[in-house]
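Step one of this worksheet: look at the structure below.
The values are calculated or read from the model by the stated rules, or taken from the named source; none is laboratory data. None of these values were measured; they are calculated from a predicted model. Because the Cβ atoms are built from the backbone with ideal geometry, glycine has one as well, and the counts that use them run over all protein chains shown. We work out accessible area using only protein heavy atoms, side chains counted, and drop any ligands, DNA or RNA first. Shrake-Rupley method; radii C 1.70, N 1.55, O 1.52, S 1.80 Å.
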Amino acid sequence: MARRQWSSCGGVAVAAVLGLLSVLCAGHPVPGGHGGGGGFPLQPHFYDHTCPQMQAIVGAIVAKAHAEDPRMAASLLRMHFHDCFVQGCDASVLLDADGSGRFVTEKRSNPNKDSLRGFEVIDEIKAAVEHACPHVVSCADIVAVAARDSVVLTGGPGWEVPLGRRDSLTASLSGSNNLIPAPNDSLPTIIGKFANQGLDVVDLVALSGGHTIGDSRCVSFRQRLYGQNNNGQVDRTLNPAYAAELRGRCPRSGGDQNLFALDPASQFRFDNQYYHNILAMNGLLSSDEILLTQGRETMELVHRFAANQGLFFEQFAKSMVKMGNISPLTGHAGEIRNNCRRVNH
């Protein structure tokens with residue numbers, strides 16, 4: 001019985017011991033995967049017998065990383081998102097350039113370059129897991145569990161993570177550039193990119209709530225402060241007082257990498273404040289605010305999640321499981337990498 005508790009909620013147990021957790025893991029239904037190679041369904045107890053301590057190891061290292069750097073939780077959550085939207089949840093985002101020319105690393109894509117981080121935390125987890133259970137646990141599963149633990153550590157919901165993913169043999173720079181929703185995409189474009197992954201509008205609005213933690217760079221929202229054509233016109237859907245505050249550290253040119261909290265009211269706490277910000281026209285990114293201004297269904301969901309944090313938490317957990325099931329490699333497809341940064345051969 002103890003083994004099953006570690007298996008389904010190991011990261012939570014470790015973090016609770018460390019006193020860094022406020023919400024316990026809750027089980028949620030596991031929907032079927034969206035396509036994928038291998039044909040074997042993911043399931044939460046995949047490592048019960050082959051590596052029962054896996055989730056405890058992940059949880060301990062994620063908790064340590066979070067204690068050292070409060071931004072890391074959002075970074076690990078974002079990593080899982082950027083992994084799953086390109087070739088499915090297969091750890092392709094972790095691969096460095098291999099020198100053979102077979103593929104170009106996704107780390108150099110527009111969404112990831114100079115912004116995606118946390119790779120060293122995954123490296124540390126992988127080394128510890130390999131020491132405990134050599135050649136058993138995939139990098140893709142480590143990323144999925146680390147994302148869940150990051151949400152719980154910041155006060156968000158827990159969920160059982162379906163497991164059994166394997167790691168890709170390649171990466172896709174073009175996929176990373178074209179498939180990941182961008183801050184300046186229109187709402188129909190973003191809805192389409194989610195639909196391509198088997199995710200619906202409810203998933204879109206719920207998963208956008210991950211912006212309750214983390215930061216964004218000046219370059220990602222500058223056009224809202226100075227106009228699409230740099231004509232000095234502030235986006236009419238952005239609170240003028242907030243825009244003036246942002247202009248103070250996000251100039252018309254330069255300062256591209258300056259960081260701003262996506263949710264300055266509770267930057268390191270996972271809650272539903274993100275939706276309240278949108279209702280007050282304080283959504284930082286265009287892709288945040290258009291959930292209120294460009295679609296009736298998304299607008300209604302913003303209001304519902306703002307009014308009911310429990311409803312948001314429940315849907316976020318369900319949507320994370322659904323996203324984690326995008327096109328996984330299972331069975332004999334792919335491989336179990338020895339080093340998350342490179343393929344085995």
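What's the local net charge at residue 256, with K and R +1, D and E -1, over the other residues with C-beta under 10 Å away? Computed value for this residue: +1. Axis angle, to the nearest 10 degrees, between helix 54-68 and the longest C-alpha principal axis of the chain: 40 degrees.
Listed by chain and number, the lysines whose alpha-carbon sits under 25 Å from that of residue 126, ignoring those within fewer than 8 places in the same chain, are 64, 107, 113, 322. By the rule of a C-alpha distance below 16 Å, with chain neighbours fewer than 8 residues away ignored, the aspartates and glutamates paired with residue 193 are 83, 185, 203, 288.
What shape does segment 112-224 have by the C-alpha gyration tensor, where a ≥ b ≥ c are the square roots of the eigenvalues, rounded means a/c under 1.5, and otherwise prolate means a/b greater than b/c and oblate the rest?
prolate
Springs between Cα atoms under 10 Å define the GNM used for the chain, and in it the highest mean-square fluctuation of 297, 314, 289 occurs at 297.
If you line up the long axis of helix 296-307 against the longest principal axis of the chain, both from Cα atoms, how many degrees apart are they, to the nearest 10? The angle comes out near 80 degrees. The residues of the chain expose, per residue, 41 Å² of accessible area to a 1.4 Å probe. Here the chain has 53 percent of its accessible surface on carbon and sulfur atoms, given a 1.4 Å probe and all protein chains in place. Computed on the Cα atoms alone, the convex hull of segment 88-151 gives a volume of 118 cubic angstrom per residue. Once a ≥ b ≥ c are taken as the square roots of the eigenvalues of the Cα gyration tensor of segment 153-209, is the result rounded (a/c under 1.5), prolate (a/b larger than b/c) or oblate (a/b not larger than b/c)? Oblate.
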